[in-house]
Amino acid sequence: MRRIRAIQNTSIQNGELVIISGVKKYLKWNILKSLRVRIILLVILVGIVPAFVLRGVVLSSYEKREVAMRTAEIQNQCTILCNQLSDANYLTGETSEVLRSELVQMSNIYSGRVMVIDHDFRIQEDTYDMDKGKTIVSEDVIRCFQGKGTSNYDAKNRYIEVTSPILDKGAEKSVGVMLISVSTDMIVDSVHELDERILIVCLTIGIVAVILAFSAGFVMVRPFQRISRSIAAVTEGYDADYLHEQTYTETMLISDAFNKMLGRMKVLDDSRNEFVSNVSHELKTPLTSMKVLADSLLIQKDVPAELYKEFMGDLSEEIERENKIINDLLSLVKMDKTANTLNIKSENMNVLIEKILKRLRPIAATRNIELVLESFRPVTAEIDEMKMSLALTNLVENAIKYNKDDGWVHVSLNADHKNCYIEVADSGIGIPEGAIEHVFERFYRVDKSHSREIGGTGLGLAIARSAVVMHRGAVRVYSQVDAGTTFTVRIPLTYVS
């Protein structure tokens, strides 16, 4: 039992560790996604990184400059001493105490070691008196015997080594080499002292950068916080005031986009309310008429057959009107739901329009309206046959309904290399100029009393426009009162989703 409990406790602890680890990981990434944190980090990096890079560059440049100056100074002193040694025939004649004292003095001044080497690579003079008489063979000494002085800086061991040739004054050839090794502890100490001062400056810059970073982070993010609060307010209801955040170009663009979205949402909300109101009104009117007719039949006793027949006919008309409204509403809802699921196929537009006109010619014939198709060329387009038929049927049917007796409806079909053009023109009653921009709105009717006599629901043009827009097309209307109306439809020959 103890072992089982221990295993359970371990599992629980492990589970807790996993959860805590996941929370830490989430918080870490969530913090890094914050714009404020990114601005703070960016300003800190921009302030501190260049300071430390500059510190390294300054220290390196200072060290190189000091080494170069010390090396040049030593080379000059070596050249002077080599010339004196050459004039005095130091390597071939007797040792001069004066020259030796100068070598020791040079060694003391530069805290270094001076050696004089003859042509047999034997050390003739050593200011440290350690290797005198020994042989030394090195690359620098050999090169110096060839007449080329050398200089090397060993940063790791902190010394500068310089070789200078001692020339035979008569033969102008190297008879010896002066080798001097100088400690660079003073240069290193100077670099360390300079590094401490630069480090203080870098730390000061770092503190200032952190203060500026946090200030910039909080100040620069405030406009976005105000925008966030305004957008959050939309979830609680539309605010009457629009967003005006002009701090940055980006916030101006966001404000403009937000205001457009808010305006669009208000329009949609108003349109939705209006739509519900219109639907309620349109459905309520036939129901009210049917109730009145039904009540009249129930109240009256021994209703004559002719009056009963008239009442039943009126009731049937109201039921048919209700049925038309419901069918049109279902067509709109179905079209909105299937906006992205078109059944696109290549269709012969000439044949399609001819079928539509064939179905509608009997209706046109009842008022002696001429219904003609003018096709300029065979046209094939990629469309959803059912939805496009519904759109064109509504346009042609409206042209017949709102026409004059003995009038005409001309349907023309044409195309270019990109689009198919369909025009439905009639000789009807026309549309007032102020109503043209509203004709595609749902339930909008120019003359409600006249539309009621004809039997329109106010949804036909809205259905037509929705179907055309779903095909990436456009529909326009041109009209003049008592002179007729023309609807033009443009549909791409090739559908692009």
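The values are calculated or read from the model by the stated rules, or taken from the named source; none is laboratory data. Values in this document were obtained by computation on a predicted structure and should not be read as measured data. Positions of Cβ are generated from backbone atoms using ideal geometry, with glycine treated the same way; all protein chains shown enter the neighbour counts. Ligands, DNA and RNA are stripped out before the accessible areas are found, and what is left, the full protein with its side chains, is counted by its heavy atoms. Shrake-Rupley method; radii C 1.70, N 1.55, O 1.52, S 1.80 Å.
Residues in region 408-431 that are open to solvent by less than 10 Å² (accessible area, probe 1.4 Å) and free of Cβ contacts under 8 Å to residues at least 60 places away in the same chain: 409, 411, 428. Within region 109-141, the residues that satisfy the criterion of being among the hydrophobic types (A, V, I, L, M, F, W, C) and over 19 Å from residue 182 (Cβ atoms) are 121, 137. Within region 476-497, being hydrophobic (A, V, I, L, M, F, W, C), buried (at least 21 other Cβ atoms within 10 Å of the Cβ) and closer than 23 Å to residue 402 by Cα holds for 487, 489. Residues that are exposed (fewer than 15 other Cβ atoms within 10 Å of the Cβ), free of Cβ contacts under 8 Å to residues at least 60 places away in the same chain and at negative phi are absent from region 177-185 altogether. In this structure, residue 193 does not qualify as open to solvent by 80 Å² or more (accessible area, probe 1.4 Å) and outside any helix (DSSP H, G or I).
Of everything listed in (1) farther than 15 Å from residue 74 by Cβ; (2) within 60 Å of the chain's Cα centre (by Cα), the single unmet condition for residue 159 is (1).
Please determine whether any residue of region 135-151 is at pLDDT 85 or above and in contact with a helix residue (DSSP H, G or I) (Cβ under 6 Å, 6 or more places away or on another chain). Checking region 135-151: at least one residue is at pLDDT 85 or above and in contact with a helix residue (DSSP H, G or I) (Cβ under 6 Å, 6 or more places away or on another chain). Of the listed requirements (1) modelled with pLDDT of 90 or more; (2) in a loop (DSSP other than H, G, I, E, B), residue 129 misses just one: (1). Among the numbered conditions (1) surrounded by 15 or more Cβ atoms within 10 Å (Cβ to Cβ); (2) modelled with pLDDT of 90 or more, the only one that residue 394 does not meet is (2). Within the span defined as region 332-349, every residue fails to be modelled with pLDDT of 70 or more, part of a helix (DSSP H, G or I) and open to solvent by 30 Å² or more (accessible area, probe 1.4 Å).
Of everything in region 432-460 that is of a type in the set (A, V, I, L, M, F, W, C) and open to solvent by less than 20 Å² (accessible area, probe 1.4 Å), the residue that is modelled with the lowest pLDDT is 443.
Among residues of region 106-150 being of a type in the set (A, V, I, L, M, F, W, C) and free of Cβ contacts under 8 Å to residues at least 12 places away in the same chain, the one that is least open to solvent (accessible area, probe 1.4 Å) is 142.
Restricted to region 354-447, the set of strands (runs of 3 or more DSSP E) holding at least 2 residues that are closer than 18 Å to residue 479 by Cα and of a type in the set (Asp, Glu) comprises 419-426. Considering only residues in region 151-166 that are under 20 Å from residue 122 (Cα atoms) and not polar (S, T, N, Q), the one that is surrounded by the fewest Cβ atoms within 10 Å (Cβ to Cβ) turns out to be 161.
If you filter region 52-99 down to residues that are in a helix (DSSP H, G or I) and among the aromatic types (Phe, Trp, Tyr), you find that the one that is modelled with the highest pLDDT is 62. Filtering 154, 118 for residues that are among the acidic types (Asp, Glu) and within 30 Å of residue 62 (Cβ to Cβ) leaves a single hit, 154. The residue that is surrounded by the most Cβ atoms within 10 Å (Cβ to Cβ), among those in region 379-391 that are more than 16 Å from residue 487 (Cβ to Cβ) and modelled with pLDDT under 90, is 387. Counting the residues of region 48-86 that are more than 55 Å from the chain's Cα centre (by Cα) and either closer than 15 Å to residue 149 by Cβ or in contact (Cβ under 8 Å) with a residue 40 or more places away in the chain (or both) gives 16.
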